[in-house]
Amino acid sequence: DGGITQSPKYLFRKEGQNVTLSCEQNLNHDAMYWYRQDPGQGLRLIYYSQIVNDFQKGDIAEGYSVSREKKESFPLTVTSAQKNPTAFYLCASSRGLDGYTFGSGTRLTVV
Amino acid sequence: LAKTTQPISMDSYEGQEVNITCSHNNIATNDYITWYQQFPSQGPRFIIQGYKTKVTNEVASLFIPADRKSSTLSLPRVSLSDTAVYYCLVGSREGPWVTGGGNKLTFGTGTQLKVEL
């Protein structure tokens, strides 16, 4: 079955560390997105990518970085510059005007 | 991107029809309307999408009046499993997003629907 896979499901980060969240899709979708969700809040866009080797900042890109070397993969790195990284991170993909397909999320906690 | 306004929460009982209305007063001509459902600790799931009048699928109906300044998601005969957050989004058909693939959407805080016995 086609879908979008995020890993790991839970991730713990020490202060000052960089961590990378994985997102892989086999839906042949061109566009991919990263969102952050805080408790009781909506989703905020971090980065998005329309095609391979191209990506754009979303509304809250500071302290995050991404790459899009392959169509299927869009990893997100949470750097030490992100001062409040504890959140639920969601990856999504889409094609054209079709609806988004979301992954199951990664819950990141700073310890 | 058009801003949307929807109720923070709604309560219902099993078997009832639930209607969630979303306001989008500054919707543009080429904008379309999409609704998503999200359960706790899961990613949102696409429910329905429309441009005008009425759209129906196996899950829900979407009613859009002629002026398109609002839309109503209708869930027939809800059950406990419909307890979730429902998001209304408005997205543009124009720009590089159409040809380049993808459509940047902005998610608000949504409507928390609670269904009880």
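I'd like the carbon and sulfur percentage of the solvent accessible area for the protein assembly as shown, probe radius 1.4 Å, heavy atoms only, ligands and nucleic acids excluded.
Working: 5400 of 11060 Å².
Of the solvent-accessible surface of the protein assembly as shown, carbon and sulfur hold 49 percent.
Charged side chains reduced to their Cβ positions (Lys and Arg at +1, Asp and Glu at -1) give chain A a dipole of some 300 debye around its Cα centre.
Based on alpha-carbon atoms, the Kirkwood radius and the radius of gyration of chain B give Rg/Rh equal to 0.97. Note on chain A: with a GNM built from Cα contacts shorter than 10 Å, the maximum mean-square fluctuation among A:Gly16, A:Gly99, A:Gly40 falls on A:Gly40.
Of all lysines in the structure, those lying under 17 Å Cα to Cα from B:Lys69, and not within fewer than 8 positions of it along the same chain, are B:Lys3, B:Lys52, B:Lys54.
Comparing A:Asp30, A:Asp38, A:Asp98 in a Gaussian network model of chain A (Cα springs below 10 Å), the most mobile by mean-square fluctuation is A:Asp98. Between the stretch A:25-75 and the stretch B:23-89, the alpha-carbon centres lie 23 Å apart. The modelled label-to-label distance between B:Lys54 and A:Gln17, using points 7 Å beyond Cα along the C-beta direction, is 5.5 nm. Overall, the stretch B:24-69 carries a charge dipole of about 60 debye about its Cα centre when +1 sits on the Cβ of Lys and Arg and -1 on the Cβ of Asp and Glu, all other atoms neutral. Length gained on full extension, B:Glu14 to B:Ala66, computed as 0.36 nm times the residue gap minus the Cα-Cα distance: 15.6 nm.
Between B and A, roughly 1900 Å² of accessible area is buried in total, ligands, DNA and RNA not counted and the probe set to 1.4 Å. With protein chains left intact and a 1.4 Å probe, residues in chain A average 47 Å² of accessible area per residue.
Can you tell me the FRET efficiency between A:Asn26 and B:Phe39 if r is taken as the Cβ-Cβ distance and R0 is 25 Å, rounded to the nearest 0.05?
Working: r = 23 Å, r/R0 = 0.92.
E(calc), rounded to 0.05, equals 0.60.
Placing one equal scatterer on every Cα of the protein assembly as shown and applying the Debye formula, the log10 ratio I(q)/I(0) at q = 0.09, 0.12, 0.13, 0.18 Å⁻¹ is -0.37, -0.66, -0.77, -1.34. Pick from B:Ser81, B:Ser23, B:Ser71 the residue whose mean-square fluctuation is largest in a GNM of chain B, springs joining Cα atoms under 10 Å. Greatest mean-square fluctuation among the candidates belongs to B:Ser81.
May I ask you to derive the relative contact order of chain B, considering only C-alpha pairs under 8 Å and at least 6 residues apart, and to give it as an integer percent? Please report the intermediate quantities before stating the final value.
Numbers: 284 pairs, mean separation 41.5, N = 117.
Dividing the mean separation by the residue count of chain B yields 35 percent.
When the charge dipole of chain B is built from unit charges on Cβ atoms (+1 for Lys and Arg, -1 for Asp and Glu) and taken about the Cα centre, the candidate among B:Tyr36, B:Thr106, B:Leu62 whose Cα reaches farthest toward its positive end is B:Thr106.
In loop segments of the stretch A:1-55 as defined by DSSP, the trypsin sites (Lys or Arg not before Pro) with at most 14 further C-beta atoms inside 10 Å of their C-beta are A:Lys9, A:Lys14.
How much length is gained if the chain between A:Tyr10 and A:Thr79 is pulled fully straight, taking 0.36 nm per residue apart and subtracting their Cα-Cα distance, in nm to one decimal?
Working: separation 69, 0.36 × 69 = 24.84 nm, distance 1.69 nm.
Separation in residues times 0.36 nm, less the Cα-Cα distance, equals 23.1 nm.
The values are calculated or read from the model by the stated rules, or taken from the named source; none is laboratory data. These numbers come from a predicted model, not from an experiment. Please note: Cβ atoms are built from the backbone with ideal geometry, for glycine as well, and neighbour counts cover all protein chains shown. The protein model used for the area step is the full one, side chains on, heavy atoms only, and it has no ligands, DNA or RNA in it. Shrake-Rupley method; radii C 1.70, N 1.55, O 1.52, S 1.80 Å.
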